[in-house]
Amino acid sequence: MENRLSAAILGAGARGTMFAEKLASRVHQFTVTAICDINPEQLNKCKKILSISDEQLFDDEERFFEKKRADVMVIATYDKYHVRQCVRALKMGYDVVLEKPISDSREEIDLLLKTQKETGCLIVVCHELRYGAAFEKLGELLSSGVIGRLIAIDAMERVRYWHQAQAYVRIQSVRNEVAHPTILAKCSHDLDLIQSYAGAACETVTSIGDLTFFRKESAPEDSTQYCLDCPHMETCPYSAKRIYVDAWKAQGCPEFVWPFNKVSLKKPTTEEDLYEGLRTSYFGQCVFHLGNEKYEHVVDHQLVQMMFKNGVTATLKMVFAAEAGRRINLFGTYGELLLDERSATIEVRPFGEKKEIIHFSDLIGSREGHGGGDDRLVNSLYDIFTRKSVNRTSLAESVESHLIGISAEESRLNGGKLIYVHP
Ligand SMILES: NC(=O)c1ccc[n+]([C@@H]2O[C@H](COP(=O)([O-])OP(=O)(O)OC[C@H]3O[C@@H](n4cnc5c(N)ncnc54)[C@H](O)[C@@H]3O)[C@@H](O)[C@H]2O)c1
């Protein structure tokens with residue numbers, strides 16, 4: 001058996017639990033020794049899922065940080081806490097798996113870079129799409145020269161309408177003071193991929209976008225605060241009953257799966273648990289009555305234009321739509337590549353030659369968890385932390401796309417003003 005590494009998890013929500021489960025299942029490499037979450041329900045859930053004792057569970061960050069509890073810390077708390085907690089972990093000698101987004105502030109990013117340099121610890125940023133086989137293949141095709149020199153990138157992030165309602169309208173932690181701007185919260189992966197394909201630092205950014213729809217003015221006159229009381233409960237596509245109860249039944253009442261396990265943390269989930277969650281949480285509230293219009297960092301669509309230092313231009317559009325799926329079109333001097341998650345294909349179109357279609361299914365065994373990216377990222381962690389392989393999503397590598405996101409938000413809040421990413 002290899003020398004196992006121990007891991008402590010800070011933040012045991014959806015992502016933290018996913019990491020805890022995946023690390024614990026790699027028994028020859030990792031052991032999970034501590035979990036901290038301020039929500040006792042999350043800790044209860046972890047107890048059911050993992051073999052972990054009460055002494056290893058912490059409901060208070062201060063106690064959790066009293067001493068070093070593992071080799072590696074996974075930080076999967078709210079966006080705004082990431083840097084503060086990561087600085088603390090680095091200073092205690094932890095290597096860190098840090099959930100994205102890193103930060104929405106240039107000062108915080110500088111502080112993290114400085115602390116990492118001083119401590120020499122590693123940070124793996126969860127840009128797992130870089131590990132996703134289809135996105136990796138797109139990068140390989142580009143590097144192979146099959147489309148010549150890259151000229152432009154056109155990317156679109158389609159957020160399924162009910163996922164938009166859940167993750168970017170209803171969940172409190174994406175729209176209050178612990179949240180980052182939507183462009184970072186939702187699109188840090190897209191910006192990271194665009195930046196890696198562009199292959200140079202970004203020079204300028206402009207951006208426009210707004211919270212156009214999910215605001216009180218859009219609410220039907222007779223609508224109510226909670227969907228379960230609303231006359232539109234059976235017809236509105238954003239109705240919490242349709243999204244969380246009807247869809248759960250249509251999927252055969254699964255025991256404990258996303259997105260239903262956001263509404264009820266009880267395992268196994270029952271219909272009554274879901275109704276209870278809808279009566280008592282933000283998940284059951286009307287998408288127009290949540291007061292999101294008072295948060296300037298919350299948008300429902302956004303467009304970003306980028307100019308890179310090597311002359312490559314790029315656009316990214318984030319919209320809510322019927323179906324989910326990224327689409328990334330790379331335009332070169334001698335051809336074009338198109339990755340489309342909806343058709344699960346990459347089209348390779350050298351000019352004047354026959355088109356080739358690559359199916360994702362030929363590249364990835366499972367499409368689970370961000371195109372297989374979560375699994376492949378976790379599979380890489382042991383070698384990264386034992387200094388045997390390169391950290392492809394290091395802090396240094398991940399900072400550039402965050403600076404693009406920060407600049408995009410600055411531009412959007414200033415009427416689409418041109419922002420220099422490295423002023
Ligand atoms: N890499 C990805 O693809 C991806 C996908 C989704 C979310 N995320 C990011 O992961 C992070 C977590 O997202 P999530 O979906 O798991 O959210 P979540 O709300 O399910 O989990 C966050 C957890 O952190 C806990 N928490 C908050 N403050 C804490 C503190 N001070 N100490 C201990 N626990 C604390 C909360 O109680 C909650 O259980 C976010 O930053 C999010 O942007 C990344």
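Descriptive notes on the structure:
- Yes/no for VAL378 being within 16 Å of the ligand (Cβ to nearest atom) and closer than 30 Å to GLY120 by Cα: yes
- Counting only helices (runs of 4 or more DSSP H) that sit wholly inside region 321-423, those with at least 1 residues that are of a type in the set (Lys, Arg) and over 26 Å from ARG4 (Cβ atoms) are 395-413.
- Residue-level check: of (1) part of a helix (DSSP H, G or I); (2) surrounded by 23 or more Cβ atoms within 10 Å (Cβ to Cβ), PHE214 misses just (1).
- Here region 91-130 is the region considered, the condition is being basic (Lys, Arg) and at pLDDT 95 or above, and the residue that is nearest to the ligand (Cβ to nearest atom) is LYS100.
- Among the candidates VAL319, VAL312, residue that is crowded, with 17+ Cβ neighbours inside 10 Å and either β-branched (Val, Ile, Thr) or in contact with a His (Cβ under 9 Å, 6 or more places away or on another chain) (or both): VAL312
- Top-ranked residue in region 114-141 [being of a type in the set (A, V, I, L, M) and over 20 Å from VAL72 (Cβ atoms); ranked as surrounded by the fewest Cβ atoms within 10 Å (Cβ to Cβ)]: ALA133
- When ILE123 is tested against the conditions (1) more than 18 Å from ARG15 (Cβ to Cβ); (2) assigned by TED's automatic domain parsing to the domain that holds ASN39, the lone failure is (1).
- Scanning region 46-74 for residues that are closer than 27 Å to ASN176 by Cα and either away from the ligand (no atom under 15 Å from the Cβ) or surrounded by fewer than 12 Cβ atoms within 10 Å (Cβ to Cβ) (or both) yields a total of 3.
- Failed item in (1) outside the structural domain of HIS180 (by TED's automatic domain parsing); (2) touching a strand residue (DSSP E or B) at 6+ places or on another chain (Cβ under 9 Å); (3) of a type in the set (A, V, I, L, M, F, W, C), with ALA344 passing the rest: (1)
- Lone qualifier among ALA200, ALA165, ALA155, ALA179 - being among the small types (Gly, Ala, Ser), surrounded by 16 or more Cβ atoms within 10 Å (Cβ to Cβ) and assigned to a loop (DSSP other than H, G, I, E, B): ALA179
- In region 133-151, the residues that are under 16 Å from GLU341 (Cβ atoms) reach residues that are of a type in the set (Gly, Ala, Ser) with C-beta atoms within less than 6 angstrom, at least six apart or across chains, in these pairs: ALA133/GLY372; ALA134/GLY371.
- Taking region 44-68 as the range and being without any contact (Cβ under 8 Å) to a residue 60 or more places away in the chain, closer than 12 Å to ALA12 by Cβ and out of contact with any helix residue (DSSP H, G or I) (no Cβ under 9 Å at 6 or more places or on another chain) as the test, the residues that pass are GLN56, PHE64.
- Verdict on GLU353 being in contact with a Gly (Cβ under 8 Å, 6 or more places away or on another chain), without any contact (Cβ under 8 Å) to a residue 60 or more places away in the chain and surrounded by fewer than 17 Cβ atoms within 10 Å (Cβ to Cβ): yes
- Some residue of region 75-82 being more than 9 Å from the ligand (Cβ to nearest atom), within 12 Å of VAL125 (Cα to Cα) and not β-branched (Val, Ile, Thr): no
- Within region 14-27, residues that are in contact (Cβ under 8 Å) with a residue 12 or more places away in the chain have Cβ atoms under 6 Å from residues that are assigned to a helix (DSSP H, G or I) and away from the ligand (no atom under 11 Å from the Cβ) in these pairs: LYS22/VAL378, counting only partners at least 6 apart in sequence or on another chain.
The values are calculated or read from the model by the stated rules, or taken from the named source; none is laboratory data. Here the structure is a predicted model, which is why all the values come from computation and not from measurement. Glycine also receives a Cβ, built like all others from the backbone with ideal geometry; neighbour counts cover every protein chain displayed.
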